[in-house]
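Student: Please read through the structure below; I'll follow up with questions.
The values are calculated or read from the model by the stated rules, or taken from the named source; none is laboratory data. Fair warning: this is a prediction, and the values are worked out from it, not measured in the lab. Note that we place each Cβ from the backbone using ideal geometry, even for glycine, and neighbour counts take in every protein chain shown. These area figures cover heavy atoms from the full protein model, side chains too; ligands, DNA and RNA do not enter into them. Shrake-Rupley method; radii C 1.70, N 1.55, O 1.52, S 1.80 Å.
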Amino acid sequence: MQRWMDKKHLNDNYQKLMAQVYNDPDVREFLEQHQADLSEETIDRSSAKLYEYVNARDRLAAGKTVFAPGYQPALIINDHLIDVTYSPTAEQQEKMRSQTVRQRVNAVMMPKMIREANFDNFARDDQRLAALAAAADFTESYESNPKGFHKGLYLYGSFGVGKTYLLGAIANHLAANGFKTTLVHFPSFAVDMKNAIGDNRVAEKLDTVKKAPVLMLDDIGADSMSAWVRDEVLGVILEYRMQSELPTFFSSNFSMNQLETEHLQITQRGDEEPLKAKRLMQRIRFLASEIAMVGKNRRLD
Ligand code: ADP
Ligand code: MG
């Protein structure tokens, strides 16, 4: 008797639930649209699917946990039966799109702020307008002919004027238009490369950087370089990029002349090697145009 009661009760609940489902405006519209393809028996056999649809739709709308977050249900006819398909919501599509864009920017030991960097928010005071214009020129000519050679920029100026920010903005602009960029904080990369000697991973690590379609070496000259880093890391990267005519950017606190005489020329041990410095600078000059950035220190904002 008790079992019969439970069953009856269950049945009551089920009937109530299904009455709601069959009266749901979306369900009714679907059933009407497909009247010709659906027999009463088919509709009966598909009741679980109809219930799933209404339930998933309402949970999604109410912001409750759903089995496929970000995906909205729709009713379809599949092999003469009713079925539920799930497609990404507009919000989910936007999320996937911006993830794809973000993945085109390979940031190696760079500050997180570059993720949000963009041309629109770049403060356009007079002194920095030239840098912004040069950056816009580059993205325009590169995006219209990515296979051709385009000179990158060598941005220099004092700490905090927004050199790294502008590099990030260029990379994000390229990413939004489908192009990949690798940004490397050069002093940290140099340390990483030295550590890679022990486990024989120098060539492999160097390869991904030197072959990047667009490469940005940030903060070059910020730390004194060993002769090994200068010749086997920086030198190798520059040589490859010059031979392959690949767009390359730099940022530095030093002008090109300063970088040559005050930085590249003197090794950590204090040896003077002007010829090596000159060769490296020739490659940098071939790859990038020098642009001074002046202005207030934005880090104090
Ligand atoms: P630099 O590389 O020249 O030392 P950064 O690019 O690191 O300078 O900029 C310093 C700080 O100022 C960062 O925190 C950055 O987010 C901010 N910043 C720089 N330029 C801008 C800008 N145009 N608009 C908004 N914030 C900026
Ligand atoms: Mg910087």
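Student: What pairs come up if the first residue lies in the range 242-258 and is of a type in the set (Asp, Glu), the second is surrounded by fewer than 23 Cβ atoms within 10 Å (Cβ to Cβ), and their beta carbons are under 6 Å apart, counting only those six or more places apart or on different chains?
Tutor: Glu245/Phe149
Student: Are any residues in the range 198-212 touching a Ser or Thr at 6+ places or on another chain (Cβ under 9 Å) and farther than 13 Å from Leu234 by Cβ, and if so, which ones?
Tutor: Quick first cut of the range 198-212, residues touching a Ser or Thr at 6+ places or on another chain (Cβ under 9 Å) only: 208-212.
Passing the criteria: Thr208, Lys211, Ala212.
Student: I've got another one for you. Going by what's in this entry, would Arg283 be described as part of a helix (DSSP H, G or I), open to solvent by 70 Å² or more (accessible area, probe 1.4 Å) and on the phi < 0 side of the Ramachandran plot?
Tutor: So Arg283 does not fit the description; no.
Per-residue answers, yes or no, for (1) touching a helix residue (DSSP H, G or I) at 6+ places or on another chain (Cβ under 9 Å); (2) hydrophobic (A, V, I, L, M, F, W, C):
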position	(1), (2)
Arg45	no, no
Ala48	no, yes
Ala56	no, yes
Lys64	yes, no
Gly70	yes, no
Ile82	yes, yes
Pro88	yes, no
Val105	yes, yes
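Student: Condition (residue is open to solvent by 30 Å² or more (accessible area, probe 1.4 Å), within 16 Å of ligand 1 (Cβ to nearest atom) and in contact (Cβ under 8 Å) with a residue 12 or more places away in the chain) applied to the range 86-97: is it met by at least one residue?
Tutor: no
Student: Continuing with this model, one more query. Being free of Cβ contacts under 8 Å to residues at least 24 places away in the same chain and open to solvent by less than 80 Å² (accessible area, probe 1.4 Å) is the filter here, so list the residues in the range 69-85 that pass it.
Tutor: Tyr71, Gln72, Pro73, Ala74, Ile76, Asn78, Thr85
Student: Quick check on the range 236-274: of everything there that is buried (at least 22 other Cβ atoms within 10 Å of the Cβ) and within 16 Å of ligand 1 (Cβ to nearest atom), which residue is farthest from Lys205 (Cα to Cα)?
Tutor: Going through the qualifying residues, I end up with Leu259.
Student: Could you list, in sequence order, all residues of the range 158-213 that are of a type in the set (Phe, Trp, Tyr) and within 16 Å of ligand 2 (Cβ to nearest atom)? Break it down into steps so the answer makes sense when it comes.
Tutor: Let us first name the residues in the range 158-213 that are of a type in the set (Phe, Trp, Tyr), namely 159, 165, 179, 186, 189.
Passing the criteria: Phe159, Tyr165, Phe186, Phe189.
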